[in-house]
Amino acid sequence: MKTYTTRAGKRYPAGARAGDDGFNFSVFSHHATQVELLLFDHADSPEPFQVIHLDPAVNKSFFAWHVYVETLPAGTWYAWRIDGPDDTEHSGLRFDPGKALLDPHALAVSQAVWERKAACEPGDNSGHCMRSMVLTDDYDWEDDEPLARPQQNAIIYELHVGGFTSHPSSGVAHPGTFDGLIEKIPYLKALGITHVELLPIMAFDEQDVPPDTAALGLENYWGYSTHSFFSPHPGYCVTPEQGTHQREFRDLVKALHRAGIGIILDVVFNHTAEGGEGGPIINFKGLENGVFYHLDAADKRIYRDYTGCGNTVNCNHPIVASFILNCLEYWVREMHVDGFRFDLASAMARGEDGHPLRDAPLIWGIELSEQLAATKLIAEAWDAVGLYQLGNFPGFRWAEWNGRYRDLIRGFVRGDRGLISEVATRISGSPDFYQPQHRLPINSINFVTCHDGFTLHDLFSYETKHNHANGEDNRDGHNENISSNCGVEGDTTDPQILALRRQLAKNTTAILLLSQGVPMLLAGDEVLRSQRGNNNCYCQNNELSWLDWNLCDTHADMLRFVREMIALRHRHPSLMRRRFLSGNPVGERGAPDISWYGSKSEPPNWHDARAQVLGFTLAGVGEQEADLHVLLNMASSPLETLLPPTVGRRWRLAVDTSRESPNDIIPAAAQQPVDQSVISVAARSVVVFEGA
């Protein structure tokens, strides 16, 4: 058996990093009494070829254990085995010398022989553990840098790396991988989006699902079960057994940047794959359980659960906060990502006692990091147990998923009455949330659908969720979806219902792209992808979740509509303002930046409990931009109204969602002047004019 000689090593940097003649290993564990480094030939080796025992007198400095392994080649796999006090009730320490642990700073991990059950039960799991690979770094970025695109110009497209190309119709060489996504970049560029927001791509545990769900052969598909925050997910790599994680992800980033598309990562720092008391020991539990997680003060066997996932990361402990901040800076510095969306971000605002902090150190540390100064920061500003911080998330430059925008627009488009006052507020960038704090419209990430909930197609095809395929007796997922089935639950061949559903989908898309703030679309909505009424496909790694690329032909008219609406937004800086609308005169023509109308071309009655009609005229920014006049008629009957007068310009019809394609949206070059001043707006439709 081969063995390698060692020397003391250093506590920094953490993880396994290459030196001049080998690798330095360092891991944190203040209370450990015995530490061993396990070296494996391969990701699936049944046992280590060398076990290196660390001497605390030589290999420990403060809270770090470290060793330098001389002449160790890149490509070697490794894990840690750590012993110490097992006093879960009083101190929260949960050391188990039988468990092989992942390095929290691992850059490339393998799940080739991973068995979650073996990590939950007593005994040695070194033959069934996840392993990390030691890597050298000689990647050629070819002058690539993170994009610095202004946030007000962003159009975000949320997608799942695996599901985007896993369907056989995708036609890519390596379905379900970073490489497969690269092949679809021309599609993304043609669509006109500026940023992709990827569901979690940090390495996660695919086996983390409830037992009844696992019994159906289902797995954790979305990826909100992270265990290795520095490693790309091996399941999205073509050759993970060769440790190509970094290279494959970097190739994706570089290719997106060449196409002018930024990349935002959905990150999960609120909980980990280790779950609660009965969950597996993967890394943090076996290193410093009481530091990394929120534990009950009276009985530290109990994990405080503010996430609904079994545990909550103790984000504002100094060691944990440093770990998270270093991780984010690594993904920007070494992987060139352009932003992060933080899942259940309000859990990160909780102090070590679990109570919300007004000035959470981690959140402010992220905001004030010089290395993250140009990085987009997006918070899901709530957690699972009622801490709701929409419009009040700590910090100033953090953008927020605007859940109120989602709910209001859903209700308005399905025909709910009396919403026009708040709809106008949401369309204006939610100044009620952000203006009093001297924040901006770009703090609002506007969306109507996302991975969690109904797709756009299903939003107007189902009134109730249909999640039985998940194995949880339809208990999972949201019960209130603010949806409409348009008269029939699910599939139908009724042409009138199908036409109405399509029209409502176009209305939703149009309103989203006509709103101040930053719009986010869900991948597949542009071709009316359906999940057959399942609003929680977290475990469905199959055709229920995958994007069927045949839909690009089946629903070519919807795809065209979305592309043209994005193009319309791009040519109108007035839709992408950094400052809030005032209603005051602007520019040389002295027109108000926005004027509001009701159903009769007069100012709206904001307090009308029956109102379903809202119109507005948006002045162009500068003389070169056309004005916009928008009419939103969500009532079940048509209306006639007057076009507002223009000076030196003529209105041209740009959008009418009641018309058949291609007349539902007309490119600027093909638009014709409208001669009449009285216009008809069909029931449940959106009409847009451009003044040129």
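The values are calculated or read from the model by the stated rules, or taken from the named source; none is laboratory data. The structure displayed is predicted, hence computed values, not measured ones. Please note: Cβ atoms are built from the backbone with ideal geometry, for glycine as well, and neighbour counts cover all protein chains shown.
Taken together, ALA43, ALA57 contain a single residue that is assigned by TED's automatic domain parsing to the domain that holds LYS10 and either part of a loop (DSSP other than H, G, I, E, B) or surrounded by 17 or more Cβ atoms within 10 Å (Cβ to Cβ) (or both), which is ALA43.
Check segment 134-155 and report whether any residue there is among the β-branched types (Val, Ile, Thr) and within 28 Å of the chain's Cα centre (by Cα). The answer is yes, given that some residue of segment 134-155 is among the β-branched types (Val, Ile, Thr) and within 28 Å of the chain's Cα centre (by Cα).
Is there a residue in segment 503-516 that is surrounded by fewer than 19 Cβ atoms within 10 Å (Cβ to Cβ) and over 22 Å from the mean Cα position of the chain (by Cα)? It would help to see each step written out before you state the result.
Applying the first criterion (surrounded by fewer than 19 Cβ atoms within 10 Å (Cβ to Cβ)) to segment 503-516 yields none.
No; the residues of segment 503-516 include none that is surrounded by fewer than 19 Cβ atoms within 10 Å (Cβ to Cβ) and over 22 Å from the mean Cα position of the chain (by Cα).
The set of residues from segment 360-383 being farther than 13 Å from TRP398 by Cβ and either part of a helix (DSSP H, G or I) or of a type in the set (Asp, Glu) (or both) comprises PRO361, GLU370, GLN371, ASP383.
Identify all residues within segment 599-619 that are touching a helix residue (DSSP H, G or I) at 6+ places or on another chain (Cβ under 8 Å) and touching a residue at least 60 places away in the same chain (Cβ under 8 Å); write none if there are none. Even if it seems obvious, please write down each step before you answer.
To start, the set of residues in segment 599-619 that are touching a helix residue (DSSP H, G or I) at 6+ places or on another chain (Cβ under 8 Å) comprises 604, 606-608, 611-614, 616, 618-619.
Scanning segment 599-619 gives PRO604, TRP606, HIS607, ASP608, ALA611, GLN612, VAL613, LEU614, PHE616.
In this structure, VAL209 does not qualify as in a loop (DSSP other than H, G, I, E, B), in contact with a Ser or Thr (Cβ under 6 Å, 6 or more places away or on another chain) and at pLDDT 95 or above.
If only one of PRO122, PRO104 is modelled with pLDDT under 95 and either in the same structural domain as HIS42 (by TED's automatic domain parsing) or part of a strand (DSSP E or B) (or both), which one is it?
Values: PRO104 fails: modelled with pLDDT under 95.
PRO122 is the lone residue from the list that is modelled with pLDDT under 95 and either in the same structural domain as HIS42 (by TED's automatic domain parsing) or part of a strand (DSSP E or B) (or both).
Per-residue answers, yes or no, for (1) crowded, with 20+ Cβ neighbours inside 10 Å; (2) not assigned by TED's automatic domain parsing to the domain that holds ILE679:
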residue	(1), (2)
GLU526	yes, yes
CYS537	yes, yes
CYS552	no, yes
ARG589	no, no
PRO592	no, no
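If I filter segment 605-614 for residues that are more than 25 Å from GLY411 (Cβ to Cβ) and either outside any loop (DSSP other than H, G, I, E, B) or β-branched (Val, Ile, Thr) (or both), do I get at least one hit? Give the derivation first.
Taking segment 605-614 as the starting set, the residues that turn out to be more than 25 Å from GLY411 (Cβ to Cβ) are none.
No; the residues of segment 605-614 include none that is more than 25 Å from GLY411 (Cβ to Cβ) and either outside any loop (DSSP other than H, G, I, E, B) or β-branched (Val, Ile, Thr) (or both).
Out of curiosity, is THR177 in contact (Cβ under 8 Å) with a residue 40 or more places away in the chain, of a type in the set (S, T, N, Q) and farther than 21 Å from LEU456 by Cα? Yes, satisfied.
Would you tally the residues in segment 7-35 being outside any strand (DSSP E or B) and not β-branched (Val, Ile, Thr)? Give the steps one after another, and end with the answer.
Residues of segment 7-35 outside any strand (DSSP E or B): 8-14, 19-21, 29-33.
Pick out the ones that are also not β-branched (Val, Ile, Thr) and you get 8-14, 19-21, 29-32.
Residues that pass the stated criteria total 14.
Checking TYR293, TYR236 one by one, the residue that is buried (at least 19 other Cβ atoms within 10 Å of the Cβ), over 24 Å from ALA74 (Cβ atoms) and of a type in the set (Ser, Thr, Tyr) is TYR293 and no other.
Residue-by-condition table, conditions (1) among the aliphatic types (A, V, I, L, M); (2) at pLDDT below 95:
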{"position": "LEU368", "(1), (2)": "yes, no"}
{"position": "GLU380", "(1), (2)": "no, no"}
{"position": "GLY386", "(1), (2)": "no, yes"}
{"position": "LEU390", "(1), (2)": "yes, no"}
{"position": "ARG410", "(1), (2)": "no, no"}
{"position": "ARG414", "(1), (2)": "no, no"}
{"position": "PRO431", "(1), (2)": "no, no"}
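Going by the structure shown, is ALA16 in contact with a strand residue (DSSP E or B) (Cβ under 7 Å, 6 or more places away or on another chain) and either under 16 Å from ASN326 (Cβ atoms) or without any contact (Cβ under 8 Å) to a residue 12 or more places away in the chain (or both)? Spelling it out, ALA16 is indeed in contact with a strand residue (DSSP E or B) (Cβ under 7 Å, 6 or more places away or on another chain) and either under 16 Å from ASN326 (Cβ atoms) or without any contact (Cβ under 8 Å) to a residue 12 or more places away in the chain (or both).
Look at GLU352 and say whether it is assigned to a helix (DSSP H, G or I), more than 17 Å from the chain's Cα centre (by Cα) and of a type in the set (D, E, K, R).
On the way: assigned to a helix (DSSP H, G or I): no; more than 17 Å from the chain's Cα centre (by Cα): yes; of a type in the set (D, E, K, R): yes.
So GLU352 fails the test.
Would it be correct to say that GLY286 is crowded, with 23+ Cβ neighbours inside 10 Å, closer than 28 Å to CYS309 by Cα and over 20 Å from the mean Cα position of the chain (by Cα)? Answer is yes for this residue. If only residues of segment 554-587 that are part of a loop (DSSP other than H, G, I, E, B) and touching a Ser or Thr at 6+ places or on another chain (Cβ under 8 Å) are counted, the one that is surrounded by the fewest Cβ atoms within 10 Å (Cβ to Cβ) is GLY583. In this entry, SER599 is excluded by the filter for residues that are in a loop (DSSP other than H, G, I, E, B), polar (S, T, N, Q) and closer than 30 Å to ASN479 by Cβ.
Mind checking whether some residue in segment 362-372 is under 24 Å from ASN153 (Cα atoms), of a type in the set (D, E, K, R) and either in contact with a helix residue (DSSP H, G or I) (Cβ under 9 Å, 6 or more places away or on another chain) or buried (at least 24 other Cβ atoms within 10 Å of the Cβ) (or both)?
So the first thing to find is which residues in segment 362-372 are under 24 Å from ASN153 (Cα atoms), and the list is 366-372.
Now drop any that are not of a type in the set (D, E, K, R), which leaves 367, 370.
Cutting the leftovers down to either in contact with a helix residue (DSSP H, G or I) (Cβ under 9 Å, 6 or more places away or on another chain) or buried (at least 24 other Cβ atoms within 10 Å of the Cβ) (or both) gives us none.
There is no residue in segment 362-372 that is under 24 Å from ASN153 (Cα atoms), of a type in the set (D, E, K, R) and either in contact with a helix residue (DSSP H, G or I) (Cβ under 9 Å, 6 or more places away or on another chain) or buried (at least 24 other Cβ atoms within 10 Å of the Cβ) (or both).
Matching residues to (1) in contact with a helix residue (DSSP H, G or I) (Cβ under 9 Å, 6 or more places away or on another chain); (2) within 22 Å of GLN389 (Cβ to Cβ); (3) at pLDDT 95 or above:
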site: TYR434; (1), (2), (3): yes, yes, yes
site: ASN446; (1), (2), (3): yes, yes, yes
site: GLY471; (1), (2), (3): yes, no, yes
site: ASN479; (1), (2), (3): no, no, yes
site: SER484; (1), (2), (3): yes, no, yes
site: THR493; (1), (2), (3): no, no, yes
site: ARG502; (1), (2), (3): yes, no, yes
site: THR508; (1), (2), (3): yes, no, yes
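Note on segment 599-611: residues that are under 14 Å from LEU642 (Cβ atoms) and either buried (at least 18 other Cβ atoms within 10 Å of the Cβ) or basic (Lys, Arg) (or both) total 2. When THR508 is tested against (1) out of contact with any Asp or Glu (no Cβ under 7 Å at 6 or more places or on another chain); (2) not basic (Lys, Arg); (3) not in a helix (DSSP H, G or I), only condition (3) is not met. Within segment 286-294, does at least one residue satisfy the condition of being closer than 19 Å to MET348 by Cα, in contact with a Lys or Arg (Cβ under 9 Å, 6 or more places away or on another chain), free of Cβ contacts under 8 Å to residues at least 40 places away in the same chain and not in a strand (DSSP E or B)? Yes, that holds for at least one residue. Tell me which residues, restricted to segment 243-258, are among the aliphatic types (A, V, I, L, M) and closer than 14 Å to GLU183 by Cβ. Result: LEU252, ALA255, LEU256. Number of residues in segment 115-167 that are of a type in the set (Asp, Glu) and on the phi > 0 side of the Ramachandran plot: the value is 2.
Restricting to segment 531-564, and then to whatever is basic (Lys, Arg) and over 28 Å from GLU480 (Cα atoms), can you tell me which residue is nearest to the chain's Cα centre (by Cα)? So, considering only residues that are basic (Lys, Arg) and over 28 Å from GLU480 (Cα atoms), the one nearest to the chain's Cα centre (by Cα) is ARG563.
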